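Reading through the structure tokens given below for one structure.
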Amino acid sequence: MPIYSYTAISSIGEKVTGAENVENERELAQKLREQGLILTSMREGAKKKRAIFRFEMLAGFGGVSLTDKLMFTRNLQVMVSAGVPLPKTFEILEKQARGKKFQRVLGDIREKIVRGEELSEGIADHPEAFPDLFVNMIKVGEESGTLQEVLGQLTIQLEQEHNLRSKVKGAMIYPGVIVSVMVGVGTLMMILVVPQLSSTFKDLGIELPPTTRAVIAISDFLVTRWYIAFPALFAFIFCFFAWLRTRMGKHAMSLAVLRMPVLSGIVRKVNAALMTRTLSSLIGSGVPIVRALEITATVVTNVKFRKSLEYAASKVKKGAKVSEALKPYENLYPLVVLQMLEVGEETGETDVVLRKLAEFFEEEVAQITKNLTAIIEPALMVFIGIAVGFFAISMIQPMYSMLGSIK
């Protein structure tokens, strides 16, 4: 059997070197695991093989779906727990990755593992795929020798985020479909039906009310200037979404949704769940509280929540408690957040309290989104009724006027 020289990390973060006579890399990793060690590098004869555990996960706008990243994280955790050598682990995960971009990132990380770079350095080289949340948690895991535990926390973090976003998106599918169909039908009516009615009204010489003239004008524009109307519509939609990505757009939209009756409650609870879950994971992993707040600020989706966490980080740097630092934003967060934060700080179990809060808000969001269809359906019916009524009255009113003049 070949002799492998190795470097490993103990449970307290100490580096351990040695040599073992084993059949292959997998057997070496398993043997070291039984001794409470995690393999980081090894070599057989003159060939040196590096195997620093790498973590490929969340990519905000990197072209990798949240589902793919979640599956990757689960598989990575299983293989690390089973003692599979890390170079082999990433070789398998690279083949499993569906997206080309994700495969390239994994391949680059695997190459850096072979070259022996540190885990946190390799992750930091791909900011498009690894937010600060993972860079810092993995770095703490390296230093403390708790990489497996960190993987478990990150897996839970991704699972909960995936579930949360899936529930919210799922609740918006129904109104999205209804509105899209209504717009499509309305456009067809404007192009196919209104021109025929307009021609009839013109032949009869009927004086048209303002609403009818407005509908006919829109119809004429869509029919005769379609090469301007439709590109202009698409350009407007594109510019609108591009504006939403700007600082001003994000700020305006964040304020708008916080003032909407139904959406306001959902947005507050979703961001409270993201904030408490992320902060709990970071603090539980040993990330300093100030850095944890700064990282959490990049995870929440609403600009107002982000500013509150950035402000809290600046105040905590000066010695304030988190619950005190967030007091100016007590109208933004549900009251229970600040109260339980204060309890957690007094008892020294802030991460535990935050995790319980996250579970509570995630359950709240699940319940709200479950009932959201029932809440939105009456509003949609009213909206559709108004639109249909406006169109019907605009088209039928001239006919009644004509019949009245005949009598």
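Kindly evaluate residue 349 against the criterion of being in contact (Cβ under 8 Å) with a residue 60 or more places away in the chain and in the same structural domain as residue 198 (by TED's automatic domain parsing). So residue 349 does not fit the description; no.
Among residues of the stretch 226-242 that are at pLDDT 90 or above, none has a Cβ under 6 angstrom from a residue that is of a type in the set (Val, Ile, Thr) at a sequence gap of 6+ or on a separate chain.
Considering the stretch 352-385, and only residues there that are without any contact (Cβ under 8 Å) to a residue 12 or more places away in the chain and among the acidic types (Asp, Glu), the residue that is nearest to residue 262 (Cα to Cα) turns out to be 363.
Being more than 38 Å from the chain's Cα centre (by Cα) and among the hydrophobic types (A, V, I, L, M, F, W, C), is that true of even one residue in the stretch 220-232? Yes, some residue in the stretch 220-232 is more than 38 Å from the chain's Cα centre (by Cα) and among the hydrophobic types (A, V, I, L, M, F, W, C).
Okay, residues lined up against (1) assigned by TED's automatic domain parsing to the domain that holds residue 72; (2) modelled with pLDDT of 75 or more; (3) surrounded by 17 or more Cβ atoms within 10 Å (Cβ to Cβ); (4) touching an Asp or Glu at 6+ places or on another chain (Cβ under 6 Å):
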position: 93; (1), (2), (3), (4): yes, yes, yes, no
position: 97; (1), (2), (3), (4): yes, yes, yes, no
position: 106; (1), (2), (3), (4): yes, yes, yes, yes
position: 113; (1), (2), (3), (4): yes, no, yes, no
position: 123; (1), (2), (3), (4): yes, no, yes, no
position: 126; (1), (2), (3), (4): yes, no, yes, no
position: 135; (1), (2), (3), (4): yes, no, yes, no
position: 151; (1), (2), (3), (4): no, no, yes, no
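From the residues in the stretch 320-335 that are part of a helix (DSSP H, G or I) and more than 24 Å from the chain's Cα centre (by Cα), which one is nearest to residue 271 (Cα to Cα)? Step by step, filter the stretch 320-335, then rank; the result is 335.
The values are calculated or read from the model by the stated rules, or taken from the named source; none is laboratory data. Because the structure is predicted, anything quoted here is derived from the model rather than measured. For neighbour counting, all protein chains shown are included, and Cβ atoms are generated from backbone atoms with ideal geometry for every residue, glycine included.
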